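Beneath this line is the structure, given in structure tokens, with notes to follow.
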Amino acid sequence: MDRLSFFLLRRLRHVQRREVRRLAVRNGLLMMTTAIVEGHVIARYLPAFDPSHLTEEVERDRQWVRDRLAAFLIDTPRDATGRPDLLSAAPVWPAQLRRRSAENGPDDGALAYAVRVVAEAGEVIGIKTTATVLLLAAAMEESGVELRDLIAFLRQPAGVFSVQVSVEGFERALPHLVEDTPFVPFGPYVGMAADFTFVDELWSYVEGQAKRVFLQIPVSQTYRPSRSAMRAQLLWALGHGSPVLAVAEADHGVPDQVDLTSDVRLTGGGISVTFLADLLEAVYGAEAVSPHDRLIAVIDAGALTLDDLAIAIRPGRSILSSIEALVGLAVHNREERHNEKDKGEAASSRRLITQSPSERAMQSSQDRSGKGDSAASSAGNRRSKAQPTGAEVINPVPADGESPGEGRPPLLVETLSGYGAAKDWALGVKADLVDYLSGDLAWSDMSTKLLLSGPPGTGKTTFARAMCNSLRLPLVVTSVSTWLQGEYLHAVLDRMSNTFAEARAQAPCILFIDEIDGIGKRVSASRQYADYWNSCVNKLLELLDGAVKSEGVIVVGATNRPNEIDEAIRRSGRLETHIEIPRPDIGALAGILAHHLGADLDLVAKSDTQAGVQP
């Protein structure tokens, strides 16, 4: 979670607990005294109950307060004037919990702890509110708006704000955050919808409630005001010194009158896997989320709405139950959208069937004329719609060139130190490649599949770059984590297929797959998410078999955990050659230093000797 998101969530919890303390004072659970410290009025809260019942085990004490004092943490009903309803039943004190005065009462630390437990026990985690805050933080980061600048415009009497976030439900959620919580500074606020006719009496009534009025511009509603009415309402609101807020969600834009005059414009994307991880961390904590990163990564996050988040993630549920519900809701939403799309296409087909023969002939003629102009670019259009693979293509350094860095020779397998059998394998492939290119050796007779393992930092990626330079072949670099960035299963499988297709297009070349252990192992069909991971493993097996049949692709997979790879991936015809790169010994370290320091090595050794360091 980034710093801005963490800060805004911390503020949200702070203002929620502050409201709980004030509610507890109104209901008699806490007492409040005031003092003036350096010109500031400071409120001090004290418990009205006996805090000796608390054990200083926070979770246990929160539950104790909820079980015995819950009635004091519920807001009392109010009448039409906003005053407490005297006819409603007031909370009743349990006699054994009333605080009694004593000479040696609890110390200040125990009293402060009791107040803290009350605030935390009464706090209600609103999932939609929390998600809205995280989406707002993401929009600020994406739009490059600093928090200090946003606060400066909020302080002004008539700021204009436009917020566009592509999440269903956001247009309702953000005004709710502004009006129903004290999260936004310089409030409290009350919103007046711009589709009403404003008169002086209405504004006076709202202002009499000691709330700051802001004009809320409807965006997605069908009753959106006309351009002339919108302009008149903007002038009316700004003339009264009221802020203006326009909030848009998916597929709806902010009105031009607001967008062109905005002091602050925030634009954010939809719900992503990273966002879901942050939201789950806010609810369950980072330690509870990290063991489930793989499960979160498979969620089709873009198909979810704010309402889905509130349905799936609820206080008291386990994190696994919440993740499972998110997966199911995403699949359900995606299927519904596909069904709606199919219904639309079916309706279009029915319209075509009901056309007269002359109308269908005219439509067919128009289609043929369009095809004539676009035939040359149809293949290019299909290619542009393909999902990106995320792979990087690295070309070998020219034979007479140098690696980045002054005077440094190019990185070659021949000059590598400490690679042992891996170096021998690469040099054997280099010799075989000469025979293959001359037609003396068949590709199927070559060893072109390698699983490279070793602890982190032993140079597996360096080995691949050295092969690129020594074999004079382009290097296609990817990783399993890059494949898993696809939003849902078919997108992940497409990324895998397209990566191998890209390598075949570069043939002869080297395809380097980093973190290949991330593909995991096939599991029993009864296991959770078995279909997802088994599909990924099966797809990789299919692609590796295909690489055997398609000449010109040398596949090198790298991993820190070879035991986490499915055994079928390491069988004959796939990554059958497994070589482990050990940590470098003294001789290998000397060779590594010689490569990187070059002519400077003698100078370094000489300076160490003069300083009294023995070789």
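Given H placed on each backbone N at 1.01 Å, which residues far from Leu30 in sequence or on other chains put an amide H within less than 5 Å of it?
Placed amide hydrogens put Val25, Ala48 under 5 Å from Leu30.
To the nearest 0.05, how large is the calculated FRET efficiency for Asp545 and Leu4 if R₀ is 51 Å and r is the Cβ-Cβ distance?
In this case the efficiency is close to 0.60.
Could you run the Karplus curve 6.51 cos²θ - 1.76 cosθ + 1.60 with θ = phi - 60° over region 445-454 and give me ³J(HN,Hα) per residue in whole Hz, x for Gly and Pro?
These are the phi-based 3J(HN,Hα) values: 8, 9, 8, 10, 10, 9, 9, 10, 10, x Hz.
Relative to the present Cα-Cα distance, how much length would full extension add between Asp259 and Ala431 at 0.36 nm per residue of separation?
Stretched fully, the Asp259-Ala431 segment lengthens by 55.5 nm.
R0 = 35 Å: FRET efficiency of Val124 with His338, Cβ-based, nearest 0.05?
My answer for the efficiency is 0.45.
What percent of all Cα-Cα pairs in region 471-541 falls in each 5 Å bin, counting up from 0?
Bins of 5 Å from zero give 3, 17, 24, 23, 16, 9, 5, 2, 1, 0 percent of pairs.
Check which residues have an amide H placed less than 5 Å from Ala193's amide H, if you skip close sequence neighbours.
For Ala193, whose amide H was placed from the backbone, the distant partners under 5 Å are Gln216.
Hey, got the Cα dimensions of region 392-583 along the principal axes, in Å, largest first?
That gives 56, 37, 28 Å along the principal axes, largest extent first.
Using a Förster radius of 56 Å, what is the FRET efficiency between Asp531 and His40 based on their Cβ-Cβ separation? Nearest 0.05, please.
0.40
Quick query: amide H of Thr267 versus all other amide H atoms, modeled in the peptide plane; which residues come in under 5 Å with a sequence gap of 5 or more or a different chain?
For Thr267, the qualifying residues are Ser143, Gln164.
Can you run phi through the Karplus equation (6.51, -1.76, 1.60; θ = phi - 60°) for region 267-272 and list ³J(HN,Hα) in whole Hz, with x for Gly and Pro?
Calculated HN-Hα couplings, in order: 10, x, x, x, 6, 10 Hz.
Expressed in nm to one decimal, what extension gain is obtained for the pair Asp424 and Val15 from 0.36 nm per residue of sequence separation less their Cα-Cα distance?
140.7 nm
Determine ³J(HN,Hα), in whole Hz, for all residues of region 128-137 in sequence, where each value follows from phi through the Karplus function 6.51 cos²θ - 1.76 cosθ + 1.60 and θ = phi - 60°; x replaces Gly and Pro.
5, 5, 4, 5, 4, 5, 5, 5, 5, 5
Which value in nm describes the separation of the simple spin-label points at Ala288 and Val190, placed 7 Å from the Cα toward the beta carbon?
About 3.8 nm, to one decimal.
Read-outs: derived from the displayed coordinates by stated rules, not from any lab. Every value quoted in this text rests on a predicted model; they were computed, and no experiment measured them. FYI the Cβ positions are ideal-geometry reconstructions off the backbone, even for glycines, and counts take in every protein chain you see.
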